[in-house]
Amino acid sequence: MDALASVGLYGDGRLMALSSYENRVYQLHLEDGPVVVAKFYRPERWSEAQILEEHAFSSELMAAEIPVIGPLTLNGSTLHHFGGFAFSVSPSRGGRPPELDDPDVLEWIGRFLARIHSVGAAKPFASRPALDLQSFGIASREWLLSHDQVPLDVQSAWAKAAQEALDLIAGYACLTGDADQKDADIEPIKRLRLHGDCHPGNILWTPLDSPAGAGPGPHFVDLDDARSGPAVQDLWMLLSGDRQQRSRQLGALVDGYEQFRAFDRRELALIEPLRTLRLIHYSAWLARRWDDPAFPINFPWFGSSDYWQGQVQMLQEQMEAMQEEPLLV
């Protein structure tokens with residue numbers, strides 16, 4: 001509340017911590033009525049330039065009338081400092097999880113993802129990194145092994161499975177940093193600015209009978225993981241179920257997407273490699289954050305031999321999936 005007061009916003013005493021592991025996020029009611037969300041950034045995760053670049057991307061999207069919830073400009077800036085922490089303030093928006101078994105909902109989301117990507121393709125990020133094999137896969141594997149995070153009884157099996165999976169992913173140029181090296185006969189898959197972490201929890205759905213001003217449909221939140229990468233990264237995390245179900249869901253997303261922007265069907269082959277990279281990166285993320293008291297409380301199962309044996313099995317399954325035919329739409 002003192003941090004908000006430093007930028008001219010005064011709370012009425014009502015404050016609620018929101019679910020967020022990477023940063024610290026609070027909902028606050030202001031004395032004059034509005035409800036805002038204050039995000040305090042984890043120190044040393046992003047540079048100030050990278051945070052401001054995320055904010056600028058949000059502003060571009062909002063200027064294009066895309067329902068993204070971005071930070072407010074206060075005292076001429078979207079990024080502020082108080083008590084040694086960087087923070088931003090955004091308007092609070094309610095909503096429920098989207099009904100992803102409804103093809104109309106998926107098509108609606110697909111249309112907005114295409115519009116996000118049209119803005120994202122207009123220019124590259126200058127400071128924020130790409131989603132690639134090195135940062136998500138190789139660096140994560142090396143850190144886990146060099147910091148003895150994998151129990152000895154599983155270490156050899158996990159290291160072998162992770163390396164074999166990464167070796168398969170190395171065949172995808174747009175995930176290895178070679179995407180801009182154009183083959184004489186093959187147009188490279190394009191990388192663009194993405195939401196980056198477009199799972200269902202980062203989409204708030206507002207029903208058609210929402211209050212005036214809220215606007216029906218999806219609202220996209222939390223661009224904290226915005227990176228450069230292939231467009232399909234923002235689609236695959238919305239898929240679930242067996243292969244047939246995922247194909248139907250993907251078909252609805254792409255139907256909506258292609259009303260605004262062409263979708264490169266070659267990117268379908270990237271879904272399982274991207275899922276594999278996220279799997280390895282997620283384990284490294286949990287291990288890197290283990291000194292934060294919030295992590296042992298919320299992830300008590302992490303780090304056990306059973307956990308890592310499960311990871312070995314999932315990596316083996318992912319290697320099989322990466323060698324199957326891609327989903328069809």
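Just so it is clear, none of the values below were taken in a lab; they were calculated from the coordinates. Being a predicted model, the structure only gives us computed values, none of them experimental. Methodologically, a virtual Cβ is constructed for each residue, glycine included, from the backbone with ideal geometry; neighbour enumeration extends over all protein chains shown.
Data table
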read-out	value
Within a Gaussian network of the chain (alpha carbon springs, distance under 10 Å), most fluctuating of PRO293, PRO43, PRO188	PRO293
Relative contact order (%) - the chain, alpha-carbon pairs under 8 angstrom, separation at least six	20 percent
Highest to lowest packing among 299-309, 87-97, 245-255, scored as the average C-beta count within 10 Å	245-255, 87-97, 299-309
J(HN,Hα) series, the stretch 120-135, from Karplus relation 6.51 cos²θ - 1.76 cosθ + 1.60, nearest Hz, glycine and proline x	x, 7, 5, 7, x, 5, 9, 10, 7, x, 9, 7, 8, 4, 5, 6
Angle in degrees between helix 152-169 and the longest Cα principal axis of the chain, rounded to the nearest 10	90 degrees
Least to most buried among ASP222, ASP2 (fewest other Cβ within 10 Å first)	ASP2, ASP222
Note, ³J(HN,Hα) from phi for the stretch 277-285, Karplus 6.51, -1.76, 1.60, rounded to Hz, x at Gly and Pro	4, 5, 4, 5, 5, 5, 4, 5, 4
Neighbourhood net charge (11 Å Cβ-Cβ; Lys/Arg +1, Asp/Glu -1) for LEU328	+3
Pair ARG243, MET62: separation of 7 Å Cα→Cβ label points (nm)	4.4 nm
Contact order relative to length of the stretch 2-91, as percent, for alpha carbon pairs under 8 angstrom and 6 or more apart	26 percent
Choice from HIS81, HIS281, HIS195 showing the highest fluctuation, given a GNM over the chain with Cα pairs closer than 10 Å	HIS81
For the stretch 226-289, projected area of the alpha-carbon convex hull averaged over all directions, nm²	5.2 nm²
Crossing angle, helix 48-63 versus the chain [Cα axis fit, 0-90 degrees, rounded to tens]	80 degrees
Potential extension, LYS123-PHE82 segment - 0.36 nm per residue separation minus Cα distance	11.6 nm
Cα pair distances of the stretch 54-102 binned at 5 Å [whole percent]	5, 17, 20, 21, 16, 11, 6, 3, 2, 0
Under 5 Å, built H, 5+ apart or other chain: amide partners of GLY217	THR206
Karplus-derived 3J(HN,Hα), 6.51/-1.76/1.60, for each residue of the stretch 286-299, Hz, glycine and proline x	4, 5, 5, 9, 5, 6, 6, x, 5, 6, x, 5, 8, 10
Residue order, fewest to most beta carbons within 10 Å, for THR73, THR206	THR73, THR206
Residues with amide H under 5 Å from that of HIS81, placed H, sequence gap 5 or more	PHE87
Long-range HN-HN contacts of ALA130 with modeled amide H, under 5 Å	SER228
Fluctuation leader among GLU22, GLU54, GLU31 - the chain, Gaussian network, Cα springs under 10 angstrom	GLU31
Counting all C-alpha pairs of the stretch 2-91, share separated by more than 20 Å (%)	34 percent
Two-site label geometry, GLN50 and SER19: point separation in nm, points 7 Å out along Cα→Cβ	2.5 nm
Förster radius 41 Å - calculated FRET efficiency between ARG96 and ASN75, Cβ distance, rounded to 0.05	0.75
Sequence ranges 141-147, 199-205, ranked by mean other-Cβ count within 10 angstrom, highest first	199-205, 141-147
For the stretch 103-322: Kirkwood Rh in Å [reciprocal of mean 1/r, alpha carbons]	18.9 Å
